[in-house]
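Trainee: Structure provided below as structure tokens; questions to follow.
The numbers here are math on the coordinates, done by the rules we state, and not lab data. Keep in mind that what you see is a predicted model, and the values were worked out from it rather than measured. Note: ideal-geometry Cβ built from the backbone for every residue, glycine included; neighbour counts use all protein chains shown.
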Amino acid sequence: MVLLSAAICNKSGKGLLSRQFVEMSRSRAEGLLAAFPKLMSNGKQHTFVETESVRYVYQPLEKLFVLLITTKNSNILEDLETLRLFSRVVPEYCGSLDEKDVLDNAYEVIFAFDEIVALGYRESVNLSQVRTYIEMESHEENVYQAVRKSQEKEAHEAMKKKAKEIAQQKKEREKMNRGKGGTSNMSSLMSGTSRLSPDVPMVGDTTSSVSTSSSKPQSTFTSSSRPSGSSRALKLGGKDRDLNTFVDKLKAEGTGNYETKFYAGSIIFSYNYCSSNSRYGLTLDVIASTAKHSIASANKPEPPTSNVIQSGIHLKLEEKINLQARQDGSLETMEVLGNLILRISDADKQNIHVWVKNDEDRDVQTQTHPHVDRKFFAQKSIIASKSASKPFPLNNDVPVLRWRYQTSDSSQMPLSINLWPSYNNGMTEVNVEYELEQEDLTLNDVNIVIPIPHGSGSPVVKEVDGDYDYDNGKSCLIWSLPVMDASNKDGSLEFTVAGDQSDFFPISLSFYSPNLYCRLSIAGVKAAESGKDITDFSSEMFCKPDRYLIGNV
């Protein structure tokens with residue numbers, strides 16, 4: 001089927017919201033919706049009606065209609081199945097199904113529509129999957145916000161508690177100094193500081209002396225070497241964690257500030273020692289709170305920061321791969337989504353033509369931006385603005401072209417992984433093999449993450465092509481290869497660990513490629529009016545997996 005548009009309208013044909021999946025002007029979309037009520041026949045139970053050019057497939061929802069506009073040669077059975085899914089999605093996000101509810105929740109409904117249909121073709125999803133895809137991003141954001149608020153609250157509470165204790169200790173020190181006639185001893189000061197909290201580290205037996213004169217008090221501090229014996233006084237809570245030296249050296253006279261930091265649980269503290277003539281001050285500040293909870297980051301390398309010097313015309317081609325394979329290594333589904341992004345920073349070069357070279361012989365679907373001349377691109381593979389009076393915008397990233405490739409052919413996988421487990425005497429010998437299926441690709445920073453059963457300990461690696469690392473916290477073995485290309489297209493890893501065959505799935509992959517999977521490239525740029533070649537443009541391209549899994553999720 002080719003779905004042109006999905007809309008929600010009232011019985012008079014007024015469109016409350018409409019999502020076009022192909023290029024269509026606003027007047028054309030509004031005209032199709034306005035013609036719909038006139039074509040309906042009273043007393044008939046049909047759920048579709050046809051005109052000379054399009055087919056309307058509709059379903060009433062109380063006072064509204066969920067309406068799909070398709071081509072006449074589309075499969076009516078598939079159209080009705082898609083309509084049923086749309087009709088279930090709308091009440092999911094609109095509640096009472098009146099015009100106000102639809103308008104208030106328009107964005108959520110449109111996002112759900114986009115999960116069902118892409119580029120005019122139905123996606124293989126159901127209602128629960130649509131709900132999951134819509135909620136996934138908001139859930140991650142809520143978790144992040146909750147963790148951040150928890151950190152801020154924890155730091156604020158700890159700061160108030162420590163500030164109160166510090167104020168109390170300051171009063172005690174002032175009483176002590178007045179009782180001794182202004183003469184203080186650094187060791188007693190350290191002793192008082194050690195009572196701040198059981199989490200505050202003890203400082204070694206450092207002695208000090210303060211000498212005074214009748215004219216003006218002068219202070220002298222002499223630090224002896226660290227006493228021999230146990231170093232537990234320099235440990236935090238008895239743990240074997242080294243701390244920074246509290247004060248390396250204090251000057252005998254003058255004014256100076258000396259600061260050191262230490263960690264107590266999830267709080268970062270800072271000592272700040274100040275000397276001013278004969279008075280010594282010691283403050284303890286809460287710097288920040290570290291997170292007790294963290295969101296585990298996926299092993300996906302972000303594309304390295306581009307070192308391309310951008311000129312007045314900059315073109316970026318990027319691709320993301322979503323792949324799911326079975327445990328035997330065969331492909332279940334793969335989708336490649338690409339974007340060509342144009343950025344113009346030179347006001348004299350806003351009206352240009354970009355020639356896209358397409359050497360792709362596979363069924364790659366392309367779609368241009370609504371402001372791009374679609375017929376011109378279809379005929380000559382040239383991206384140009386529809387109107388010369390409306391050139392491309394300045395200093396703005398414009399996605400002028402999108403492409404999509406979907407397949408279940410295993411030979412089209414960028415990289416295939418096969419795992420061969422062999423159980424023997426309570427242990428499992430695992431052989432993992434990789435093979436680069438597309439030899440025109442170069443993959444950098446390849447990480448193959450293999451789950452290891454919890455409680456089985458570190459795997460014993462016998463043979464490996466490349467490097468490996470065992471992450472005990474995430475209980476996974478990370479097989480790393482810096483570069484994978486035609487000269488290094490296959491390799492293997494062998495290790496032994498306790499576990500069952502299903503314990504080693506799903507295997508996830510991450511990489512970064514300076515090449516595109518689909519064979520598209522920029523052939524040149526010309527001035528729209530004069531037709532002269534523009535050579536001083538810059539371009540970059542990369543491809544990375546958004547989700548690359550082997551085995552069941």
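Trainee: Viscosity 1.306 mPa s, temperature 10 °C: what is the translational diffusion coefficient of the stretch 316-458 from Stokes-Einstein with a Kirkwood Rh over Cα pairs, rounded to a whole number of µm²/s? Can you show the working numbers first?
Mentor: Values: Rh = 18.9 Å.
After rounding, the answer is 84 µm²/s.
Trainee: From the convex hull of the Cα coordinates of the stretch 446-520, what is the mean projected area in square nanometres?
Mentor: Numbers: hull surface 24.2 nm².
Its average projected convex-hull area is 6.0 nm².
Trainee: Continuing with the same structure: Between Ala498 and Lys474, what's the calculated FRET efficiency when r is the beta-carbon distance and R0 is 22 Å? Round to 0.05. Show your work: numbers first, answer last.
Mentor: On the way: r = 18 Å, r/R0 = 0.81.
E between Ala498 and Lys474, to the nearest 0.05, is 0.80.
Trainee: What is the calculated FRET efficiency for Val398 to Ala35, with r their C-beta to C-beta distance and R₀ = 35 Å, to the nearest 0.05?
Mentor: Numbers: r = 33 Å, r/R0 = 0.95.
About 0.60, to the nearest 0.05.
Trainee: Only Cα pairs under 8 Å and at least 6 apart count here; give the relative contact order of the stretch 415-512 as a rounded whole percent. Mind dumping the intermediate values first?
Mentor: Values: 218 pairs, mean separation 38.7, N = 98.
It comes to 39 percent, rounded to a whole number.
Trainee: Here's another thing I want to ask about it. Tell me, what does the Kirkwood hydrodynamic radius of the stretch 3-125 come to in angstroms if you use every pair of distinct C-alpha atoms?
Mentor: On the way: mean 1/r = 0.0695 Å⁻¹.
Taking every pair of different Cα atoms in the stretch 3-125, averaging 1/r and inverting gives 14.4 Å.
Trainee: Give me the extension gain from His156 to Arg547: residue separation times 0.36 nm, minus the current Cα-Cα distance, reported in nm with one decimal. Intermediate values should be presented prior to the final figure.
Mentor: Values: separation 391, 0.36 × 391 = 140.76 nm, distance 3.87 nm.
Result: 136.9 nm gained on full extension.
Trainee: Right, next: What are the ³J(HN,Hα) couplings of the stretch 20-29, residue after residue, when phi is run through the Karplus curve with 6.51, -1.76, 1.60 and θ = phi - 60°? Round to Hz, x for glycine and proline.
Mentor: 8, 9, 10, 5, 7, 6, 5, 5, 5, 5
Trainee: Now, a different point. For the stretch 311-324, in order, what is each residue's ³J(HN,Hα) by Karplus, 6.51 cos²θ - 1.76 cosθ + 1.60 with θ = phi - 60°, in whole Hz (x at glycine and Pro)?
Mentor: 9, x, 10, 10, 10, 10, 10, 10, 9, 10, 10, 10, 9, 10
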